[in-house]
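None of the figures in this text is laboratory data; all of them are computed from the coordinates on show. Just so it is clear, the structure is predicted and the values come from calculations on it, not from any experiment. Cβ: placed from backbone, ideal geometry, glycine included. Neighbour counts: every protein chain shown.
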Amino acid sequence: MTEVGGTGYALIALGPAFSLFLTVIASKPFLILTVLGSAMMWLVSLIACAILWRAFLPGAVWTFLPLLITVVGIQEAVRLYYWCLYLKVEHFLNKLAAKVSKPQLVATDKIQIAIASGLGHGIAHSVFFCLSLLTPAFGPATYYIDSCVHMPLFLVAAFMGLGFLLLHTFSMVIAFNALAGDKHFHQLFVPVMHLCASLLTMVNLLPGGCIAGVPMTLICAVVTLAVAGKIVWDKTGTGSAELGNLQRVHSSSSL
Amino acid sequence: MEKAILESVGGEIVSIVTPVSICMLLVVLLVHTLTPHGSVVAPIATVAMMVYSEKPNDSLFEKLRGGFLNGIIFVCIVMIVTFVLFGLFYFRFTKCLRVYMGFSAFMVLAWMGGTVMVELIQFFSIPIDVITFGICLINFASVGVIAVFFCQMPIVLTQGYLVVIGMLVAFWFTKLPEWTTWTLLISMAVYDIMAVLAPVGPLKMLLELAMTRDEEIPALIYEARPVLPRQMPGPPPTSSSSTTVQPRRWSHLGAPPHSLLNIAIGRGNSAGLNVDSDNFQTSNLGTVGGHELMNFVTEPPIAPEAGLLGSRLVSSTEDAGTLNSVSSVLAGHQPIDPNVDEDTVPLVNPGTRNMAAVDRMELGTQMQPRDLDEDELERNDEGFGLGVSGALKLGLGDFVFYSVLVGRAAMYDLMTVYACYLAIVGGLGATLILLAVWRRAMPALPISISLGVVFYFLTRLIMDPFVVDLATHLVFF
């Protein structure tokens, strides 16, 4: 629907990512590289899933169920692998910090790295699933699919992209925190929420399902956001036991 | 409050990735605007198509074979011209080289730039008359040539012009037929490996010669962040690097067994250290105009007695260069204390490439030499020089070929563009890390191009149908 519509859809899908990027990430080059690295890792996992399932698509509708389960499984495995890589990078950064007499990584740094990693996943998801569909949206017409006559395809894809972007970003924060502190509830929460959100999108296959599918995805995203927010609040709030961790204290100062 | 490590690590890589991304973005925009889907672009007659001119009706085998032949011929021409330029440099025809480079840069900006501008004017129906257009174009091209080769101008201007030159050349290359483009890219990547890492590579010889003679090689190199203003002692400095005048341009530290060349390390006078003849200078390694590949093998020089080398970056974000950091941590010894002498890392130049008609440039990075032997710690602790600017340098040929790949991907769909972009940036990062680890000249093309090509075909053939199928059913994960 012309350039205005196309830009609008793109902003719905990527606006929060853009503002997150500008406020948190753009000032720190390492985080920019983290975003790119984790986007690339997500892309590789997507290609692996595509290779696995390419032969079965386009297929019957019920093939989506095992597809989603296996794909979410692969992505969660990639998340664990990414966590292992992150541990090495953190170790490396701390060693480097020691060498150049800078403070070690504190809690906010780690949260920022987690946000950057999650944002890389989320942006990659939005770009590949939503933005690449939007090219026709810049033209003069719009497009509806059969199972969703209420909203144009682009609008639905934009909202779903937004939901999954928030989901990926903040589930990475939760996952990092859970794996570092070995909190089993949160460790389980992330894959379960991811799987739920994915399976709920299958509601969209029903006629008129997108009326329910879009809000449900956004609710999943909001729940993830709330859990991540609570974690960060606990970690950095004034009542936090780790408050001392927040101050970047020079190793030789007496602060 | 102390600045955290997170704020400084990675700065130079980002400062190289940003212009590469901008160049790719511009090429994608141009391609997307000027070659709408479904239009048949008449292939231009170029040297790359001497042998085989692709027609749509040919069979796949013929196209592949023809493209392959085109690629081989192109690589041969590049190699011959590289040797010619090496010969010119050897016989000290530097003026000839400089005039040629200035001329080719002017041609790129005026002629190719003019063609692109005319197409844009036609597309957007911009009302402009011929005389105004002509004057603007001549001025634009002249300022570009001067900014890149002859004068010291605000660095943003020089960098901008370099990116524009890279963009124009890449756009011109995207007009080649499809299979020829892919085979050309792959051939150039393979050639890059051979030219950089093989003992008889022309670029290696050229750099070696430049080092032994302690002269600059005029070329087009994008420098991320030069710090000090250039002074022109003798021959005018080349391209965009801003290095201080030093008595010597290259450091000669003997011939270490495994590498023939020494790193030219630039150092700034900002730290106020005495510069004596043992100090190092940035190599203004650029590509000589012409089909030429230059690869630089670099080596860490020994420190001068003054101890700390380095230059202070203008930018406030860098206290510890990334590659310095990588090297230092891997080597297990102390990097230069930035509080005393703020160093950052230039990598040593891996490869520079030149192209006559197109002025390609290559990855030239200046490496901060880091000796990985624990035994030589004391000797080398002070010694590892840094580029004057402390910034990475990337030859323009790499810009061009990355953008060609992405531009060709844009002709299919935007999804391939994103995949190829991530692949190329990932490859560039991997190349830089390898450079920091192996500390020898590395060609910038192979990893990125091979990843890009692999990702393009995987995306186009496998991922695209998968994702589109899921997305049109509104099933996401």
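Data for the structure
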item	result
Crossing angle, helix A:210-236 versus chain A [Cα axis fit, 0-90 degrees, rounded to tens]	0
Point-charge dipole on Cβ atoms (K/R +1, D/E -1) for the range A:2-254, about Cα centre, debye to 20	700
Free-standing Cys residues across chain A, given no other cysteine C-beta under 4.7 angstrom	A:CYS49, A:CYS84, A:CYS130, A:CYS196, A:CYS220
For chain A, built as a Gaussian network whose Cα springs stay under 10 Å, the top-fluctuating residue of A:GLY161, A:GLY59, A:GLY209	A:GLY59
Positive minus negative residues near B:GLY427 (Lys, Arg vs Asp, Glu; Cβ under 13 Å)	-2
Inter-chain Cβ neighbour average for residues A:197-205, partner chain, 10 Å	3
Order of A:CYS196, A:CYS49 under a 10 Å beta carbon neighbour criterion, fewest first	A:CYS196, A:CYS49
Selected from A:SER198, A:SER45, A:SER147 as most flexible by GNM, with chain A as the system and alpha-carbon contacts under 10 Å	A:SER147
Reach of A:LYS28 by Cα under 16 Å, taken over lysines that are not fewer than 8 positions away in the same chain	A:LYS102, A:LYS110, B:LYS3
Between helix A:29-53 and chain A: long-axis angle, C-alpha atoms, 0 to 90°, nearest 10	40
A:PHE138-B:PHE150 pseudo-label distance in nm [points 7 Å out on the Cα-to-Cβ vector]	3.9
Sequence-distant residues sharing a close amide H with A:ILE145 (under 5 Å, placed H)	A:LEU153
Chain A - mean residue ellipticity at 222 nm from DSSP helices (-39,500 (n - 2.57) per run, n ≥ 4, rounded to 500)	-24500 deg cm²/dmol
Cα pair count fraction exceeding 33 Å, expressed as % - the range A:2-254	24
Between the range A:112-171 and the range B:417-477, the Cα center-to-center distance that results, in Å	21
Amide H within-cut-off set for B:GLY395, under 5 Å, with H built and near neighbours excluded	B:TYR222, B:GLU362, B:LEU363, B:GLY364
Within 10 Å of each Cβ in A:65-71, the average number of Cβ atoms from other chains	2
Cα-based helix-to-principal-axis angle, A:184-200 vs chain A, degrees rounded to 10	20
Set A:LYS99/B:LYS393; A:LYS183/A:LYS230; A:LYS88/A:LYS230 screened for pairs whose C-alpha atoms are more than 24 Å apart	A:LYS99/B:LYS393; A:LYS88/A:LYS230
Within 10 Å of each Cβ in A:90-101, the average number of Cβ atoms from other chains	6
